[in-house]
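Working notes, structure below.
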Amino acid sequence: MRLILLATAFSLLSARAELTTEQQQVPLEVMPGDASAAKIVLLAGSPSNKPGQHEYFAGCALLREWLAAVPGVAPVMVADGWPKNEAVLDGARAVVFFMDGGPKLPFLTPERRAKVQALADAGAGFIVLHQAVDCPADLAPSFKEWFGAAFQPDIGCRGHWDVKFDSVSSHAVTSGMKPFELLKDGWLYNLHFAEKGVTPLLAAQMPDTSRKTEHAKSHAGRAETVAWAFERPNGGRSFGFTGCDLHASWAVPEQRRMLVNALLWSAKLPVPATGAATDSPVDLAKNLDRKIFTPKAKKPAAAAKPAAK
């Protein structure tokens, strides 16, 4: 019986990671044909959460389309959070991390951590999105060095609500952007930021009811940074944005423009003064994950109390 249960669990896990017929049409881990092109690697995490949330593959596929339209840029898409052939990371001008965080991060092994560190040492740009900024406590110092920030449960808060950005900081990443609003998206805030090199780009009021930690409660009413640029001491560039939970938010032009701007800036490529061109029609129903979840085991019914004598 135990072997049957294990086999069933394995089949469910395999189904979670299985690409749909539509997703199989997206080229994966294909090296650029032009060696002089700026290679940008998009690490899309494994299926997660409810349909319409954590659509890592579909989100990265959209970014791939927009980047492919930029002359001299060669996007390389990777599924399941980490390449089967790690050589696709070699020489990357920038790497996108769009995946589950915490203990689910796909680069927690010593060998993969070392690979990320080697990319950082080489000056590769890093873009960290949504939960990918959440890491185990022992990795927080490295996250601050790599990405400029780390989410930790000691002070950090998270949840879903409407956020309105009344102003946009002036930076290459925000070129062509104006104030905007994102509805019902998911956010992580009150992060541990690097001591130097961080430039806040987007900040907004968060519901005081979402402030679950004592540190966050002590800053009630403060606008919280959820997007930032980070210039690393060795000249590498990083960008972080804790939104991108809700796939529908890709329909918002400002989010699209910011993300492609950030990819170009992190890769040290020119960013158009009016922002990256991302005005082509967006098919949000394309490349969605097939999400299969193991039903939760029902709690055993409480034993009936013996009848009073």
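Only one of Ala285, Ala248 is under 18 Å from Cys60 (Cβ atoms), free of Cβ contacts under 8 Å to residues at least 12 places away in the same chain and either in contact with a strand residue (DSSP E or B) (Cβ under 8 Å, 6 or more places away or on another chain) or of a type outside the set (Lys, Arg) (or both). Can you tell me which? If you could, list the steps in order and put the result at the bottom.
Values: Ala248 fails: free of Cβ contacts under 8 Å to residues at least 12 places away in the same chain.
Only one candidate qualifies: Ala285.
Out of all the residues in segment 213-229, which are among the basic types (Lys, Arg) and under 28 Å from Met258 (Cα atoms)?
Within segment 213-229, Arg222 is the sole residue that qualifies.
Applying the selection to segment 157-168, what residues are crowded, with 17+ Cβ neighbours inside 10 Å and within 22 Å of Thr278 (Cβ to Cβ)?
Passing the criteria: Val163, Phe165, Val168.
Would you please name the residue that is surrounded by the fewest Cβ atoms within 10 Å (Cβ to Cβ), looking only at residues in segment 65-84 that are touching a residue at least 24 places away in the same chain (Cβ under 8 Å) and among the small types (Gly, Ala, Ser)? Can you show your working first?
Residues of segment 65-84 touching a residue at least 24 places away in the same chain (Cβ under 8 Å): 65-67, 69-70, 72-84.
Cutting the leftovers down to among the small types (Gly, Ala, Ser) gives us 69, 72, 74, 79, 81.
Values: Ala69: 13, Gly72: 10, Ala74: 21, Ala79: 24, Gly81: 22.
Per the criteria, the residue is Gly72.
Only residues in segment 85-108 that are of a type in the set (Lys, Arg) count as the first member; pair them with residues that are at pLDDT below 95 and not in a strand (DSSP E or B), Cβ under 8 angstrom, at least 6 apart or cross-chain, and list the lot.
Lys104/Ser48
Given (1) surrounded by fewer than 22 Cβ atoms within 10 Å (Cβ to Cβ); (2) assigned to a helix (DSSP H, G or I), identify the lone condition not met by Val173.
(1)
The values are calculated or read from the model by the stated rules, or taken from the named source; none is laboratory data. Predicted, not measured: the structure shown is a model, and the values here were computed from it. When we count neighbours, we look across all protein chains shown, and the Cβ atoms used for this are built from the backbone with ideal geometry, even at glycine.
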